[in-house]
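Working notes for the structure below.
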Amino acid sequence: MEALGIDIGGSGIKGATVDTSAGELTRERLRIPTPQPSTPAEVAAVVRQIIEHFSWTGPMGVTFPGVVLDGVIRTAANVDRSWIGVKGEELFGAGVALLNDADAAGVAEVAFGAGRGRSGVVLMLTFGTGIGSALFADGRLVPNTEFGHVEIRGKEAEHRASDHVREKHELSWEKWAEHVQEYLLHMRDLLWPSLIVIGGGVSKKADKFLPLIDLGDTPIVPAVLRNEAGIIGAAMAAVSRTKP
């Protein structure tokens with residue numbers, strides 16, 4: 001089944017139609033910079049622009065960079081705080097599937113990417129404006145984990161190791177990899193996953209930093225679907241919601 005997936009991020013809002021049986025985009029994605037301030041009304045206007053671009057009237061899923069419980073947004077760490085308490089269906093329309101952005105990316109990656117067929121605990125971490133996380137136990141999602149906010153040296157991990165921090169402080173790949181490794185070792189020692197998948201926009205540059213990271217026997221790999229994972233996962237959630 002085809003569905004429209006829209007991925008709301010701190011720096012960009014991306015959308016495309018998706019063949020959810022194959023985990024592939026069916027049309028070239030559209031990316032629009034996230035408006036500043038990133039209020040619900042301003043972001044909703046961009047979402048409508050993407051819907052109109054694809055002339056879409058079918059199932060639709062939308063991701064959000066925060067906790068989503070029963071279609072209601074509960075946190076907004078990297079966008080305007082006026083999002084807290086917003087109901088997805090009231091903002092984006094009846095029937096929309098709203099879920100956490102990292103959860104969406106993880107669902108896609110476990111179904112079609114690096115986590116496919118992996119048993120045990122799989123941890124996906126998305127490095128971008130912040131650090132998103134998705135946790136799976138034998139392929140089943142534990143929703144709304146917020147591992148980007150664990151404390152490392154007195155700071156939230158995403159304030160030390162996100163891709164935004166790398167760019168803002170002009171860190172070399174070597175220096176940034178040190179921050180990432182410290183964080184990943186901490187997560188390994190908390191969860192002991194059988195696999196760690198690195199996603200987000202920085203995953204397309206994995207060759208610049210992953211070879212510098214050593215987690216011992218814990219394998220760490222870049223996301224296969226890269227920055228399309230959130231779009232694909234959102235579309236998958238839309239189809240799951242419409243199934244009887």
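The values are calculated or read from the model by the stated rules, or taken from the named source; none is laboratory data. Since the model is a prediction, treat every value here as computed from it, not as a measurement. Here the Cβ positions follow ideal geometry from the backbone for every residue, glycine too, while neighbour counts run over all protein chains shown. Calculation scope for accessible area: heavy atoms of the full protein, side chains included, ligands and nucleic acids excluded. Shrake-Rupley method; radii C 1.70, N 1.55, O 1.52, S 1.80 Å.
Quick notes
- With Cα atoms defining each centre, segment 69-128 and segment 156-216 are spaced 20 Å apart in the structure.
- Accessible-area composition of segment 1-155, carbon plus sulfur, in percent [1.4 Å probe]: 48
- Placing R0 at 35 angstrom, the Cβ-Cβ distance between residue 189 and residue 74 gives a FRET efficiency of 0.80 after rounding to 0.05.
- Relative contact order (%) - segment 183-244, alpha-carbon pairs under 8 angstrom, separation at least six: 38
- Shown for segment 169-236: the carbon plus sulfur share of the solvent-accessible area, taken with all protein chains present and a 1.4 angstrom probe, equals 50%.
- Extension gain, residue 22-residue 175: 0.36 nm per intervening residue step, less the Cα-Cα distance, totals 51.3 nm.
- Accessible surface, the chain, averaged per residue in Å² (probe 1.4 Å): 45
- Over the chain, relative contact order from alpha-carbon pairs under 8 Å, at least 6 apart, %: 24
- In this structure residue 166 has an accessible area near 30 Å², from a 1.4 Å probe over the protein heavy atoms.
- Selected from 61, 88, 132 as most flexible by GNM, with the chain as the system and alpha-carbon contacts under 10 Å: 88
- Residues residue 149 and residue 119, FRET efficiency given R0 of 25 Å [Cβ-Cβ distance, rounded to 0.05]: 0.35
- The calculated FRET efficiency for the pair residue 208 and residue 81, based on their C-beta separation and a Förster distance of 30 Å, comes to about 0.35.
- For the pair residue 42 and residue 241 in one chain, pulling the backbone fully straight at 0.36 nm per residue adds 69.0 nm over the alpha carbon distance.
- Over the chain: helical MRE at 222 nm, DSSP H runs n ≥ 4 each giving -39500 (n - 2.57), nearest 500: -9000 deg cm²/dmol
- Dimensions in Å of the chain - Rg and Dmax from alpha carbons: 16.9, 50
- Relative intensity of segment 45-167 on a log10 scale, I(q)/I(0) at q = 0.11 Å⁻¹, equals -0.43, per a Debye sum over C-alpha point scatterers of equal strength in the absence of solvent.
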